[in-house]
Amino acid sequence: MKDNQKYCELCGQEYEGKFYSRGSNYTVLKCSKCDLLWADPLTDENYEKMINSDYFGEEIYLSKEKGQKERFRSQIEKVLKIYGNKVLKDEIKILDVGSGLGFFIDVCDEMKIYCEGCDINEKAVNYSNRERNKTRIGTVDGYYEDNSFDMIFALNLIEHIPHPKEFITQCARILKPGGLLVLETPIQESLFHVFARIGDYMTGYRMNNYGINTNGHIYKFCNRSFEKFKDLGFSIIHKEKIGSPLKEIFGKTTYMSNLNKILVRFIMPVVWFLAKIFGMENRAFVVFKINK
Ligand SMILES: [Zn+2]
């Protein structure tokens with residue numbers, strides 16, 4: 001499956017992507033208008049496999065359950081505060097897109113907030129639904145009625161979606177007036193990205209460590225590309241940087257080559273620490289409000 005994308009998903013056909021780097025069987029392109037980075041082609045034959053695989057495997061993800069739930073709880077509390085006292089907590093309806101094993105829904109259940117989820121990984125949905133039925137297999141599409149949710153959470157999701165503009169448009173449709181779209185996604189304004197750029201440039205674009213590829217993170221956003229959401233009806237009302245927990249960075253080393261292990265165990269923690277000090281952590285937590 002070749003899914004070529006020469007122009008910017010957010011800015012449209014007039015804005016062609018310029019060469020940024022290359023991977024084994026793809027090129028990384030950058031929009032000349034909004035600086036969005038993406039892999040061209042967007043997906044490869046492994047993408048479908050990845051979606052249906054044990055990628056969201058219980059073993060790795062369940063080991064993160066406690067930490068993730070703590071993070072979700074504080075994120076929900078933060079967004080409730082931003083939303084204000086417009087509606088009572090027990091009247092709020094949340095949609096969790098890319099709900100995985102259902103940890104976010106678990107937290108909402110504990111907090112007595114209505115939340116349903118959707119995910120395209122059938123195994124994850126089955127796991128999430130093992131004791132309740134709040135998750136459907138699918139994406140944010142025509143299934144959902146107009147003006148039906150107060151908040152949509154899409155945490156660590158948008159970078160995986162081949163066509164994020166369609167996703168944002170659907171969110172705009174199904175959010176109630178004044179509703180919120182909450183994203184968490186890796187960003188370019190991070191120290192990891194700056195070092196990756198230097199290393200890549202110095203090796204003649206042979207060291208692509210941006211975390212962008214055709215079957216994982218297809219896109220990498222930045223402040224300028226978030227501004228493009230305004231054209232789709234959203235205002236940015238909150239933005240902050242957050243770092244991946246150091247524990248999670250260490251946790252993945254068993255699957256890596258020796259060279260990468262050295263990188264992850266000795267260099268990454270230093271970069272991670274510096275990033276925290278200088279406010280250049282690797283992900284953004286952004287709250288958008290729909291203008292309707
Ligand atoms: Zn663009």
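Hey, what's the per residue convex hull volume over the C-alpha atoms of the chain, in cubic angstrom?
133 Å³
In the stretch 7-290, what percentage of the DSSP-assigned beta bridges are antiparallel, given to the nearest 5?
Percentage antiparallel, nearest 5: 60.
For Cys115, what residues show an amide H to amide H distance below 5 Å, using hydrogens built from the backbone and excluding near sequence neighbours?
Hits under the 5 Å cutoff: Ile94.
Which ³J(HN,Hα) values in Hz, rounded to whole numbers, follow from the phi angles of the stretch 193-201 under the Karplus curve 6.51 cos²θ - 1.76 cosθ + 1.60, where θ = phi - 60° and Gly and Pro get x?
Running phi through 6.51 cos²θ - 1.76 cosθ + 1.60 with θ = phi - 60° gives 5, 4, 5, 4, 5, 4, x, 5, 4 Hz.
Net charge around Ala284, counting only other residues with Cβ within less than 10 Å of its Cβ (Lys, Arg = +1; Asp, Glu = -1)?
Working: positive: Lys239, Lys241, Arg283; negative: Glu184, Glu189, Glu240, Glu281.
Summing Lys/Arg as +1 and Asp/Glu as -1 gives -1.
Ignoring ligands, DNA and RNA, what percent of the accessible area of the chain is carbon or sulfur (1.4 Å)?
54 percent
Where does the chain land at 222 nm, in deg cm²/dmol rounded to the nearest 500, when only DSSP H runs of n ≥ 4 count, each adding -39500 (n - 2.57), divided by all residues?
Helix-only estimate at 222 nm: -9500 deg cm²/dmol.
What is the local net charge at Arg197, summed over the other residues whose Cβ is closer than 15 Å to its Cβ (Lys, Arg +1; Asp, Glu -1)?
On the way: positive: Lys18, Arg22, Lys30, Arg206, Lys220; negative: Asp35, Glu189, Asp200.
Its environment carries a net charge of +2.
The values are calculated or read from the model by the stated rules, or taken from the named source; none is laboratory data. Predicted model, so just to flag it, every value in this text is computed and none were measured. Virtual Cβ from ideal backbone geometry, glycine too; neighbours counted across all protein chains shown. All accessible areas refer to the heavy atoms of the entire protein, side chains included, with ligands and DNA or RNA removed. Shrake-Rupley method; radii C 1.70, N 1.55, O 1.52, S 1.80 Å.
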